[in-house]
Amino acid sequence: MARIVMDDLHKVYPGGVKAVTGISLDIADGEMIVLVGPSGCGKSTLLRMVAGLETITGGTLSIGDRVVNTLEPADRDIAMVFQNYALYPHMTVYNNLAYGLRNQGVAKPEIERRVQEAAAMLQIGDYLQRKPRALSGGQRQRVAMGRALVREPSAFLFDEPLSNLDAKLRVQMRVEIRQLQKRLGTTSLYVTHDQLEALTLADRLVVLNAGRIEQVGTPMELYQRPETLFVAGFIGSPAMNMIEMGYLRDRGAAPSTLPAGTDLVGMRPDDMLLSAPAEPHLSLSGRVMLLEPAGAESHIYVSLDGNDQPITVRIPGLPTMQEGAAITLHVPLGALHPFNTASGRRVSG
Amino acid sequence: MVQNDRFGTFLAHLILILGVGIVVFPVYVAVIASTHAPGTFLQGVMPLLPGSHAIENYSEVIFQGRSTAGAPPIGLMLWNSFVMAMMIAVGKIAISLLSAFAIVYFRFRFRIFFFWIIFITLMLPVEVRIVPTFEVVANLNLLNTYAGLTIPLIASATATFLFRQFFMTVPEEMLEAARVDGAGPMKFFRDILLPLSVTNIAAMFVIMFIYGWNQYLWPLLITSDEGYYTVVMGIQRMVTGADSEPLWHLVMATVVLAALPPILVILFMQRLFVKGLTETEK
């Protein structure tokens with residue numbers, strides 16, 4: 001159990017590439033933090049800096065009130081789950097779990113107890129004498145988790161642990177990881193590029209872009225009030241629609257409630273309604289380009305009158321209109337996200 | 001490319017059988033020759049059927065030797081060859097494992113430079129550097145010793161290269177997992193890399209054992225004491241050493257005996273050997 005504090009962390013590679021530029025983050029004890037961002041945003045580098053697998057070139061990192069900048073990974077009291085599991089292929093599952101404990105000099109009965117406990121928790125008790133290659137992907141994933149569990153560390157580090165699993169298993173493991181983390185109350189840092197994973201797992205979500213933090217907050221905060229254009233575009237699927245203020249003004253649809261300085265207006269696909277709501281709203285007309293039924297919901301791709309800009313609309317159930325038909329969309333004024341393109345930030349008014 | 005084609009199968013088998021025939025025939029002749037009486041070869045016709053002197057010839061080679069023909073009993077020569085081959089194989093593997101480990105896993109100055117230096121020595125086999133090497137060994141008073149026989153041959157660019165290539169295929173996450181698990185460099189080497197390399201080590205062992213066993217020029221140069229003769233050079237001495245006609249029946253018996261240990265090594269390590277050359281356990 002530990003608090004992790006990052007203070008102005010920097011990572012500059014020998015070639016001069018800056019992977020992480022000034023990240024400060026205070027992670028509370030027992031919190032599950034998810035780092036999310038596009039590839040190359042520095043999220044994995046940051047995680048590996050915490051793990052001790054990458055050197056820290058600037059700033060301080062402390063785990064449990066201890067500055068660990070120069071400590072070896074094994075001395076940082078962390079455990080890591082790797083993307084490719086990184087199980088030792090020549091060792092049985094039991095030895096895979098026990099290896100780190102043996103290196104720590106933990107007594108044999110204690111190793112036995114912890115391995116059995118972790119195996120029971122992860123339901124891998126039947127495979128303890130098998131080698132990793134005799135296991136399925138999901139089972140290997142559990143073993144990798146078990147290897148982290150037995151160490152009883154003060155923090156778990158997950159590096160895209162579910163990306164090698166098929167979709168169904170991924171959901172199942174996601175739920176299990178969350179349950180396990182809640183039960184153990186261990187501080188966790190989880191890296192993913194899958195935003196659904198990020199939204200569902202996180203206590204707090206950290207969106208990274210180009211080595212910097214774009215926004216930190218609970219998943220719902222980030223979804224409902226993205227502070228930057230990047231976060232607005234990154235969180236939410238289908239992505240938020242962006243309409244220029246000039247277009248709205250030309251169509252006479254520009255609401256006067258938006259703060260000054262707004263030149264781009266974001267609208268979530270699910271805030272675009274097919275029938276006018278009672279509350280104040282703006283209306284846009286266009287033409288249906290494509291209908292995309294996706295089970296419980298449907299996506300309607302609309303091209304707006306006047307500039308043919310494509311817009312995505314999400315509705316529950318099945319659409320009743322035809323492709324090519326004219327359509328009018330209504331957006332409550334409260335659901336608009338005002339942005340300024342020059343600063344790339346939300347305009348608050 | 002596997003086709004169910006009668007003619008193709010026939011042709012493939014024909015070529016294979018021809019190939020096997022070409023390889024096996026000289027060996028067959030050697031075995032046959034070792035079973036005949038001394039005079040048979042002087043008639044100029046090579047017999048192709050076994051003779052009746054097998055036991056006699058082999059027991060003479062094994063138990064008596066022919067000191068007049070420059071051949072001590074074969075037992076000692078086989079032992080010398082075995083010691084030399086073992087020391088070379090084990091030494092080469094130990095040194096190349098460590099140097100490959102250093103080159104792949106440690107960041108030190110001129111790392112690539114050192115790798116290329118090692119690699120370039122591939123182009124300098126014993127025969128090329130034999131005079132200076134002999135000089136060095138002689139000055140170190142290592143003539144007529146096992147150390148002199150083996151140490152100059154132990155450095156191996158081939159094995160270093162092979163192990164380097166293998167180590168580079170071991171996922172980096174394996175090293176990172178080991179670091180998180182508290183394994184230092186040597187512990188990682190011993191607990192993770194070595195067990196993963198077992199099949200490669202076996203393959204290297206077979207190749208290097210045979211390399212050491214077949215050394216001819218080097219032992220010929222640095223041994224003058226019969227107690228350090230190896231069997232391969234011993235055969236040569238038997239052919240040229242006598243003042244009479246070479247005793248072909250004894251030479252061939254020695255040849256057959258000298259070929260046995262490498263064959264045994266291959267037979268015993270075949271499974272690992274093939275595995276080491278074809279697959280990696282990951």
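The values are calculated or read from the model by the stated rules, or taken from the named source; none is laboratory data. Model, not experiment: these values are computed from the prediction. Because the Cβ atoms are built from the backbone with ideal geometry, glycine has one as well, and the counts that use them run over all protein chains shown.
Values for this structure:
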| item | result |
| --- | --- |
| Which listed residue, of A:319, A:293, A:269, is under 27 Å from residue A:345 (Cβ atoms) and either touching a residue at least 24 places away in the same chain (Cβ under 8 Å) or surrounded by 14 or more Cβ atoms within 10 Å (Cβ to Cβ) (or both) | A:269 |
| Residues located in segment A:272-289, provided they are surrounded by 15 or more Cβ atoms within 10 Å (Cβ to Cβ) and not in a strand (DSSP E or B) | A:272 |
| Residue match in segment B:178-188 (condition: under 30 Å from residue A:145 (Cα atoms), touching a residue at least 60 places away in the same chain (Cβ under 8 Å), away from chain A (no Cβ under 14 Å) and not aliphatic (A, V, I, L, M)) | no |
| Positions within segment A:290-349 being under 29 Å from the mean Cα position of the chain (by Cα) and at positive phi, in sequence order | A:295, A:317, A:344 |
| Subset of segment A:55-84 that is facing chain B (nearest Cβ under 8 Å) and either within 17 Å of residue A:135 (Cβ to Cβ) or surrounded by 17 or more Cβ atoms within 10 Å (Cβ to Cβ) (or both) - its residue that is farthest from the chain's Cα centre (by Cα) | A:74 |
| Residue A:52 buried (at least 23 other Cβ atoms within 10 Å of the Cβ) and either within 19 Å of the chain's Cα centre (by Cα) or within 14 Å of another protein chain (Cβ to nearest Cβ) (or both) | yes |
| Pair list, Cβ under 8 Å, 6 or more apart: segment B:98-111 residue modelled with pLDDT of 85 or more, other residue among the charged types (D, E, K, R) | B:100/B:164; B:103/B:111; B:103/B:164; B:104/B:164 |
| Answer from B:177, B:159 - the residue that is aliphatic (A, V, I, L, M), closer than 30 Å to residue B:235 by Cβ and part of a helix (DSSP H, G or I) | B:159 |
| The listed residue being at pLDDT 90 or above, in contact with a helix residue (DSSP H, G or I) (Cβ under 8 Å, 6 or more places away or on another chain), farther than 16 Å from residue B:89 by Cα and assigned to a helix (DSSP H, G or I), out of B:208, B:168, B:186, B:233 | B:168 |
| Test: residue in segment A:90-109 that is facing chain B (nearest Cβ under 9 Å), part of a loop (DSSP other than H, G, I, E, B), under 21 Å from residue B:190 (Cβ atoms) and touching a Leu at 6+ places or on another chain (Cβ under 8 Å) | yes |
| Single match in A:23, A:33, A:56 (criterion: outside any loop (DSSP other than H, G, I, E, B) and more than 30 Å from residue A:136 (Cβ to Cβ)) | A:23 |
| In segment A:222-266, residue modelled with the highest pLDDT [restricted to those that are among the β-branched types (Val, Ile, Thr) and surrounded by fewer than 20 Cβ atoms within 10 Å (Cβ to Cβ)] | A:228 |
| Test result for residue A:139, surrounded by fewer than 22 Cβ atoms within 10 Å (Cβ to Cβ) and within 14 Å of chain B (Cβ to nearest Cβ) | no |
| Odd one out for residue A:221 among (1) over 16 Å from the mean Cα position of the chain (by Cα); (2) closer than 20 Å to residue A:28 by Cβ; (3) of a type in the set (Asp, Glu) | (1) |
| Answer residue from segment A:161-196, given it is small (Gly, Ala, Ser) and either touching a residue at least 24 places away in the same chain (Cβ under 8 Å) or in contact with a Gly (Cβ under 6 Å, 6 or more places away or on another chain) (or both) and is surrounded by the fewest Cβ atoms within 10 Å (Cβ to Cβ) among those | A:185 |
| Residue in segment A:191-198 that is assigned by TED's automatic domain parsing to the domain that holds residue A:39 and either closer than 26 Å to residue A:68 by Cα or of a type in the set (Ser, Thr, Tyr) (or both) present | yes |
